[in-house]
1. Looking at (1) out of contact with any Phe, Trp or Tyr (no Cβ under 7 Å at 6 or more places or on another chain); (2) open to solvent by less than 70 Å² (accessible area, probe 1.4 Å); (3) in contact (Cβ under 8 Å) with a residue 40 or more places away in the chain; (4) not polar (S, T, N, Q), which one does B:VAL150 not meet, given that it meets all the others?
2. Which of the residues that make up region A:105-132 are part of a loop (DSSP other than H, G, I, E, B) and either within 14 Å of chain B (Cβ to nearest Cβ) or farther than 24 Å from A:ALA10 by Cβ (or both)?
3. Please indicate, with yes or no, whether at least one residue in region B:278-297 is surrounded by 14 or more Cβ atoms within 10 Å (Cβ to Cβ), among the charged types (D, E, K, R) and under 16 Å from B:ILE237 (Cα atoms).
4. Give me the pairs: first residue in region B:499-518 and more than 14 Å from every other protein chain (Cβ to nearest Cβ), second residue aromatic (Phe, Trp, Tyr) and part of a strand (DSSP E or B), beta-carbon distance under 8 Å, and six or more apart or on different chains, which are they?
5. Quick one: which strands (runs of 3 or more DSSP E) lie wholly within region B:193-260 and hold at least 2 residues that are farther than 30 Å from A:LEU50 by Cα and at pLDDT below 90?
6. In region A:47-59, is there at least one residue being among the polar types (S, T, N, Q) and more than 14 Å from chain B (Cβ to nearest Cβ)?
7. Of the conditions (1) part of a strand (DSSP E or B); (2) surrounded by fewer than 20 Cβ atoms within 10 Å (Cβ to Cβ); (3) of a type outside the set (A, V, I, L, M, F, W, C), B:GLY75 fails just one. Which one is it?
8. What residue, of A:PRO86, A:PRO78, A:PRO70, A:PRO97, is open to solvent by less than 50 Å² (accessible area, probe 1.4 Å) and not β-branched (Val, Ile, Thr)?
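The values are calculated or read from the model by the stated rules, or taken from the named source; none is laboratory data. Keep in mind it's a predicted model, so treat the numbers as computed, not measured. With ideal geometry, Cβ positions are generated from the backbone for all residues, glycine too; neighbour counts draw on all protein chains shown. To get the accessible areas, we keep the full protein, side chains included, count just its heavy atoms, and leave off ligands, DNA and RNA. Shrake-Rupley method; radii C 1.70, N 1.55, O 1.52, S 1.80 Å.
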Amino acid sequence: MSETYPIPTALIASALYPGWQSCMNVTTEYAPIAESANIVRTWNGTAVNLTAPQFRLYRVTLSCDEDLVPPALAHLWPGERFSLVPAEEWSEPTTKPQQRAAHTGTTRIVDAHFVAGTSGRRLYRPVLDLVVTEPWRVSVNERTKLHSWQLVAEEYAHPSLGA
Amino acid sequence: MLKLVWTNSRAIPEAGSGNGIACFSGFLDETVQGDVVVPFFRVVIPNPGIGGFFNSAGIGKTAEFYDGTILLAKGRLSSMPVDLGGDTIELEFTCVPADEDEVLKEAADALRIGELEPEDPYDPESPVAGSEEYDPLFYSRDASDDPTNVLAARCELWRWHRTTLNLERVHLSRKGYCSATSLSGTLSGGTHHEIGLEGFEGALRVASLEPPRALTKLRVVAAFTQEARGTSTFPCIDPTEPIKTYSFDDLVAAWPAEGTPVGQNTGWTVAESRIESVSRDLLPDVFDVGRSLVNDDPSVVTAQLMLSAGSVAGLVRLGYDYTQQREEYLDVEMPAHAQRMMGDDRKELVDVIQLAPLNIDHVTPHWVAEDPETLDPVSYNVGDVVQANGRRWECVAEPDETERFRVGKLDMTTMTYTRWWKRVPKRAARTDETAPTYFDTDRGTRSVRHALRRLKRIVLRRAHCIEVSFDCAWEDGIAMSTRDTCTVTHRLLRSEGNATGTATGKVVSVRLVADGSGRRASVTMHVPAGSDEEIETEGGTTIDGDVSYKLKAPTARQPVNAAALPAQLATVTVVNGYAAQKSAALFEEDPVAKIQQMPTRVQIDVIPIQEEDMITRRLQVTVDPLPVPVGIQL
């Protein structure tokens, strides 16, 4: 075959193996994991989070409609680890530490007017070390050949813990 | 991240390293239980399978419990997990060393100050460190079986340190600790934690424990036998004053024998008796007698009889034997300087303590052939002191006889005698057995002050009568232990008319709870309800920094002055002495018969020693109100 088909997504995840007519329409949802919040109030009324800093982890939900080629999900059993660089950028103020490692060459810093500089907003695509936390699901329609699927994963461990 | 590291496969865990077993949940508890703090922790770890479990773990194996790189506790696996079949197993560890019983017993025994050496006795002015905190009379002979009883007169608790597993002592009320064997109990270290308003809402619990009554009373009973045995200093019949009599042979025969009692139940006996000499007068006395003595012989006109007297020089010394049962009641009453919580003014009797016999050495162990627990033969070393055959012995050479107690042994081949044991003076509380009193002697003062210190512990502990529990941050809990004190502020701890109030107390329990992502510490403290009003003091002797007392002791009733018995004189009457015999026999038809009717005797009269059934003496100790810290305003 001499003709190559374009890859429709910028998402980098070797485990998912995104490619032609797969992951065409991915929606990525981020949220802190539920355990990151365990709020109580002191006798002064001050809110205190009882959770240790190691629980400051992200939950990532990948969902997709209208894929024509099924994604490579079959081996992603709950508990399996995989690495993901999402297609879209994250954004943080440069006054705060960078939360996750950036994928090589993706960091750029812009000010409020979106002019490149040294301070303002840090935009980058993070490298996330994920573990499948919920059983994924894929549904496919035989007539339209449309696949819709969802994969829920959480970060494996806090980067401060190393490996 | 909570981690468990088995010590036998240990590698020091580093942050983020793979060392150690990750724990799903952990629970650490350091709570005062009775008089000992034995921390423990429980962790839930992935089940390594039964083989993996028994390879790395097993009863008695030790492990360390980390939060990241912070060592939270160390301990020994104290029981098998209930279930080894689940995905996870729960393990419980106790934070004590393997030889915990021996360590505790040894430390407790170091605080047991027995009877002091007779040449260096207890001095109330400058008592030996630890001698008031322990008085062997308050304990039974088997006291060392229970290591906690040694703290009965110290305001302290035993504590196992949860990360070093060392034994130490912590104070009931103040922050700080001292080494387990410190006699002075000087505190160092410890932290005061200011939690302020940082406790977690919804977890405050305040309870009232049993506050002390207006007066707390302790009675100590000392029963003893006043004894005086001995012989008179002066003989009652002196050989330098011989007794002259015609019937000297008879007097010698009837001379008071050793051991015979004088009178009836007088308490006196003849202790020493002997005849030194019997001498006859050179010049006989002449008696005119009738002729009947010569069978009325008509050839006899008058008859005379010559009788020669003799002098008996002998010695009699009396002995006395006085025993008097005595009993002394010491009532110690201590008020607590605490805020009034109970409406009544009642007195509470907390204990009646019967002292051990005062004249028996019950500190020195008895010689035994075999250890009662292990049934192994006991070997003694040079310097060991034992009691055997009612006496006290010190080992001077290692005995090679273990079957029975022997002082030494004669080697029949070399004919040399080896001495194993040397007799040393017995150690008893009462060294002067003739003394009629106990509690107001120097040794008795030690008992009085020991009783005061016991009472102080009871009152001080009871005065910490508000229990405040709260939850706070995990980090605060890691820093906290039963060495510490703590202050919290809360609107419900307010006194009347205030918006908020504080409670300051001694930490009696710290629990660290980590379950999933939720981590918190639960702390319980006992808050003293002392009063800040000025203490009305009556003065007196002050001991232990804050106990001022006065002893009211009535004079002891002494029907017999035991100390004066050796000098007490007996009256000796010579009945039918030489003069009486002679005057009676003169002009008698038969002087010999007359003299025979009047044998010479010595009659000893003594003042009888009165023994009464039991003489009771009541002593009273009044104490100034015991200062209690003001931990809370009620």
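1. (1)
2. In the first step, residues of region A:105-132 are kept if they are part of a loop (DSSP other than H, G, I, E, B); the result is A:105-107, A:111-115, A:117-120, A:125, A:127.
Result: A:ASP111, A:ALA112, A:HIS113, A:GLY117, A:THR118, A:SER119.
3. So far as region B:278-297 goes, no, none of its residues is surrounded by 14 or more Cβ atoms within 10 Å (Cβ to Cβ), among the charged types (D, E, K, R) and under 16 Å from B:ILE237 (Cα atoms).
4. So the pair list comes out as B:ARG511/B:PHE27.
5. Numbers: elements: B:205-208, B:215-231, B:243-245.
Passing ranges, in order: B:215-231.
6. Here is the first cut: in region A:47-59, the residues among the polar types (S, T, N, Q) are A:49, A:51, A:54.
Pick out the ones that are also more than 14 Å from chain B (Cβ to nearest Cβ) and you get none.
Scanning region A:47-59, I find no residue that is among the polar types (S, T, N, Q) and more than 14 Å from chain B (Cβ to nearest Cβ), so the answer is no.
7. For B:GLY75, the exception is condition (2).
8. Numbers: A:PRO78 fails: open to solvent by less than 50 Å² (accessible area, probe 1.4 Å); A:PRO70 fails: open to solvent by less than 50 Å² (accessible area, probe 1.4 Å); A:PRO97 fails: open to solvent by less than 50 Å² (accessible area, probe 1.4 Å).
None of the others qualify; the one that does is A:PRO86.
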